[in-house]
Every structure is written in structure tokens, then in C-alpha cells.
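Inspection log for the structure reproduced underneath, given as C-alpha cells.
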Amino acid sequence: MSDYRGFHPVDVASLGIPEVGVGMLGYRFMGRAHSNAYLRMPVFCWPPAARPCLVAMCGRTEHAVAEAATRLGFEGYYTELSEMLADPRISLFDNCASADAHAEPTLEAIQAGKHVLCEKPLATSARDAYRMWQAAEAAGVFHMTGFNYRLIPAVRLVRDLIEQGVMGRIYSFRGRYLQEGGDDPNRPWSWRSDRSQGGYGAIGDIGVHIIDLARFLVGEIRSISALTQTFVRERPLSDRPGEYAPVTTDDVFVSAVAFENGALGTIEASKVATGRKNQNTFEINGANASVVFDLERLNELQVYMKEGTPESLQGFSTVSVTERNHPFYQFWWPHGHIIGWEHSFVHEVNLLLRAIVLGEPFSPYAATFEDGYRALAIGEAAIESAESGRRVELQY
């Protein structure tokens with residue numbers, strides 16, 4: 001008998017909040033980020049439309065997936081995907097595996113009637129991404145691509161300002177995503193290094209993020225002219241010491257784009273930007289205002305308003321996007337208390353679970369498989385342009 005007088009246990013079931021069972025493929029970087037989001041979402045987005053129930057992880061290496069499932073809060077694990085997808089407790093399939101394991105497992109999950117969240121790039125080819133989108137639509141399941149940067153408060157605020165007409169006509173977009181590390185010649189060769197296996201290099205790994213933000217904020221891209229370069233042209237084979245294989249994917253891509261609404265832009269990505277850890281930044285210039293965002297300072301937005309500011313004080317101002325009237329901050333802390341990169345995934349899974357349980361649409365503010373497909377189609381158009389030396393008109 002307990003001697004804790006006056007103690008009243010909480011009966012979660014009596015709250016009437018439904019559960020959505022999650023099955024996850026993959027358990028490394030993105031698996032950790034998504035698992036954290038499922039665990040945190042009901043704490044902050046209260047009351048939640050549903051409580052995520054982390055049913056099972058799936059991976060090929062049993063000791064590794066068992067350890068990850070224990071550490072990340074899952075009830076158990078599978079080593080066979082077909083067995084996990086047959087589990088009736090699971091209604092949402094979350095694909096955090098590497099890009100070469102996105103298309104077929106996700107298509108299998110769709111065929112099993114599961115709702116699907118798949119990390120970017122959605123596939124290793126636009127053709128496969130299109131198949132995934134069409135299959136999900138035909139099956140009537142909710143489908144989300146992991147473009148989490150749309151769900152950072154400052155980025156969503158920019159979208160709101162554009163939709164409200166505050167910025168006026170949009171003239172230009174300049175976006176770049178820069179990381180270091182790709183210049184290390186000792187980094188082993190992998191499928192990512194080989195275009196024939198679906199490798200994309202900088203375009204597919206990080207470029208699709210900035211391409212998606214360009215579409216999300218400014219609109220559809222009509223045409224693209226691009227250049228690519230590979231600086232490390234061979235890499236060592238990890239399983240055959242002393243042997244090397246050629247690299248046929250890009251380390252850097254730069255492009256000029258024309259949007260359907262008449263705006264012009266530049267989009268670039270690099271895996272060999274020495275000193276840059278994870279700089280995802282853009283500037284948008286409109287007739288009435290301009291904004292600048294940098295992921296490395298994700299709670300801030302630089303804003304210039306042409307009207308309403310005395311001429312002697314005109315210039316860019318830094319706005320702390322942490323007020324209760326800013327996007328998503330109803331879930332978080334008092335004003336001035338910043339949030340981090342991982343919280344964008346909380347916003348993502350909250351919107352997805354609300355869609356599954358309440359039928360609320362999350363598009364266009366979160367990304368669907370259509371958005372994942374279009375980002376890849378633009379990436380492939382950039383490759384075509386670089387190889388042909390010609391501007392390429394987008395045809396979806």
C-alpha cells in the first residue's frame with residue numbers, strides 16, 4: 001500500500017485524446033530529430049489533437065535499432081519493414097532513412113494504408129518523387145515532405161507579410177545554403193557520390209531546402225540557368241583500402257532563376273563552403289519592404305520598411321520574432337525567450353497529426369509530396385542546365 005496521502009494518479013485515457021501510432025524507418029540524425037518532436041509536441045501544443053504513440057522503429061542492424069528504440073522512447077523495433085507495416089497499431093509511417101531508401105519503403109507504406117512523413121529529398125529522382133505523390137493522392141492518405149524550415153517562426157512571418165501585401169510586389173530573391181566538410185578528400189565514397197545511383201550532391205542534400213523556400217515565399221520558378229562544380233573528384237572506398245571511386249555529383253551549384261510572377265532570383269548551395277557550418281539564408285526585396293533571414297540566427301529577422309520610418313532613421317532593423325503574436329509562439333515561452341532548430345519539427349508533426357485526426361489541411365504552410373517532387377524537378381533542371389549550358393524552362 002502506498003502511504004502518499006492525497007495522491008491522485010492522472011488518467012490520461014479519460015482525457016479523450018486519441019492516439020496515433022508511429023512507425024519510423026531510420027534512427028540516426030533525422031530519427032532523433034523526429035522522435036524528439038513526437039515526444040515534445042503534446043507537452044507544448046496542448047491540448048493536442050492526438051498523442052503520438054511511438055510504436056516501433058525499423059532498421060537492418062538489430063543491435064543498433066534496438067539501442068535507438070530504447071533511447072528514443074519507442075515501445076519496440078522491427079528488422080523487417082514489411083512486418084512493421086503490417087502492425088495494426090501503426091497509422092503513420094515516418095521515413096527518416098537515407099534518400100536512397102525513401103521511394104520504395106514509402107510506396108510500400110502507402111499501399112498498406114499508412115499516412116506518410118518522408119524526409120527530404122523526397123526521392124533520388126523527380127520521377128520517383130512524382131510516383132510517391134501520385135500514389136499518396138490515389139490512396140487518400142496524408143503526405144508530408146520534411147521541409148521543416150517553412151515552420152520556423154521568422155520564415156512563416158515572411159510568408160504572412162507577403163500574403164498580406166506588406167512587402168508589395170516582389171522583385172528579387174537571393175538564397176544560399178552553405179556547409180563545409182565536403183572538401184575532405186578522406187570522406188568515404190558512397191551512393192551519394194554517384195549520379196547513376198541517384199546521388200545529387202549539394203543540390204539534393206541541402207539545395208532542395210533553399211529551392212523549397214524560394215517556391216514557398218516567392219512562387220513557382222519558371223526557368224533556371226545553373227552551373228555546377230565537383231572539386232573532390234574521387235573518394236576512398238571504405239571496404240577496399242587503397243582503392244578509390246570517381247565522384248560524379250556536385251559539390252557546388254549556383255543558379256539564376258525567373259519566377260512566374262516576374263521576380264528574379266539567385267539560388268546556390270555548397271558542401272565546400274569552408275567555415276560555414278549550416279548557413280541557410282535568404283533576402284527578399286519588394287516594392288515596399290525587404291527582409292533578410294539567416295538560419296544561424298533563426299529567432300531574428302532583418303526588416304526594412306520604406307514607409308512609416310523617418311528618413312534619418314531608415315535602414316534595416318533587427319526584429320526578435322519571439323512575441324505571442326508571431327507565428328507558432330503560442331506554444332512556447334514568454335516573449336524574448338528564443339527557440340531552436342529542433343522546434344520546427346514539433347510544428348511539423350503537430351500540423352500532420354491535426355490533419356490525420358481533424359482533417360485540417362496543412363498545405364501550403366507545410367510541404368506535401370507535391371512540394372518534394374517540384375523541388376527535385378527544379379534540382380534536375382539545374383543539372384540539365386549546367387550540363388547543356390542553356391537556360392531550362394521548367395516543365396512539371
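The values are calculated or read from the model by the stated rules, or taken from the named source; none is laboratory data. Note that the structure is a prediction, hence the values are computed from the model and not measured. Quick reminder, even Gly has a Cβ in these numbers, built from the backbone with ideal geometry, and neighbours come from all protein chains shown.
Things worth noting here:
- Total residues in the range 31-60 satisfying the condition of being more than 15 Å from Phe74 (Cβ to Cβ) and either out of contact with any helix residue (DSSP H, G or I) (no Cβ under 6 Å at 6 or more places or on another chain) or without any contact (Cβ under 8 Å) to a residue 12 or more places away in the chain (or both): the figure is 5.
- Cross-chain or 6+ apart pairs with Cβ under 8 Å, the range 169-181 first and under 17 Å from Arg159 (Cβ atoms), then part of a loop (DSSP other than H, G, I, E, B) and among the β-branched types (Val, Ile, Thr): Ile170/Val218; Phe173/Val218
- From the list Gly379, Gly359, Gly389, Gly372, the one residue that fits, being of a type in the set (Gly, Ala, Ser), within 20 Å of Ile110 (Cα to Cα) and out of contact with any strand residue (DSSP E or B) (no Cβ under 8 Å at 6 or more places or on another chain), is Gly359.
- Single unsatisfied condition, Ala289 versus (1) out of contact with any Asp or Glu (no Cβ under 8 Å at 6 or more places or on another chain); (2) free of Cβ contacts under 8 Å to residues at least 60 places away in the same chain; (3) of a type outside the set (Val, Ile, Thr): (2)
- Restricted to the range 145-191, and to residues there that are acidic (Asp, Glu) and over 21 Å from the mean Cα position of the chain (by Cα), the residue that is farthest from Leu213 (Cα to Cα) is Asp184.
- Output for the range 117-148, where each listed residue is aliphatic (A, V, I, L, M) and not in a loop (DSSP other than H, G, I, E, B): Leu117, Ala126, Ala129, Met132, Ala135, Ala136, Ala138, Ala139, Met144
- From the list Asp194, Asp160, Asp205, the one residue that fits, being modelled with pLDDT under 95 and under 30 Å from Trp332 (Cβ atoms), is Asp205.
- Taking the range 262-381 as the region of interest, the strands (runs of 3 or more DSSP E) fully inside it that hold 2 or more residues being under 23 Å from the mean Cα position of the chain (by Cα) are 264-270, 279-286, 289-294, 300-305.
- Complete set of residues in the range 93-120 that are touching a Leu at 6+ places or on another chain (Cβ under 7 Å) and either of a type in the set (D, E, K, R) or not assigned by TED's automatic domain parsing to the domain that holds Arg28 (or both): Asp94, Glu108, Lys114
- Of residues in the range 92-127 being among the hydroxyl-bearing types (Ser, Thr, Tyr) and surrounded by 22 or more Cβ atoms within 10 Å (Cβ to Cβ), the one farthest from Ser193 (Cα to Cα): Thr106
- Counted as qualifying within the range 151-258 are the strands (runs of 3 or more DSSP E) with 1 or more residues that are crowded, with 16+ Cβ neighbours inside 10 Å, namely 170-178, 221-229, 234-236.
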